Every structure is written in C-alpha cells, then in structure tokens.
C-alpha cells in the first residue's frame, strides 16, 4: 500500500512533465551538402547528440528529419551540431 501511495504522489511532488518525455520530430533545411559523403556526416553528427533516436537525410532536398527527446535535446542543439560539422541548418516551418 505504501508503494502505491508513493506512485500516486510522484506527479504531485515532481510534476507530470518530468515523468513523460516529449518526443518531437522536426525537419531541418541543411546547407553545404555538395557531395555523396555529406548526408552520412550530417546523419552521424545528429545521431551523436543525446536524446536523438532517429535521423534521416535527403541529399536531393537538402533536408534532415530528426526525432528526439525534447527533455534531452532541442532544435538549437540540433542546428548547433550541424554548424560545427560545417553544415548550417534551420528549422523548416
């Protein structure tokens, strides 16, 4: 009974947002992709970020689609990692 009561009290103590991670999927416009190796580099740099679970890169469209845990990463972190790798990017709206 004490364990059940503790589980019921957790959302009241910590708030519900800390118990449920928000998974987001965003599309980024990626600049400077000029060769066949570029999508591999872009994807690898995205997947190296904490919280990123999936990344796909479209060379022809110059875009990346990324799925990530919003508690562990952010669009700002995604775009910063691309810029460090030499591929500036911006959120597509």
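The values are calculated or read from the model by the stated rules, or taken from the named source; none is laboratory data. Because the structure is predicted, anything quoted here is derived from the model rather than measured. Cβ atoms come from the backbone with ideal geometry, glycine included; neighbour counts cover every protein chain shown.
At least 3 residues that are at pLDDT 95 or above and surrounded by 13 or more Cβ atoms within 10 Å (Cβ to Cβ) in each: list the strands (runs of 3 or more DSSP E) lying fully within the chain that qualify. Qualifying strands (runs of 3 or more DSSP E): 23-30, 52-58, 63-69.
Residues of the stretch 57-89 that are touching a strand residue (DSSP E or B) at 6+ places or on another chain (Cβ under 6 Å) and over 20 Å from residue 22 (Cβ atoms): 57, 62, 63, 82, 87, 89.
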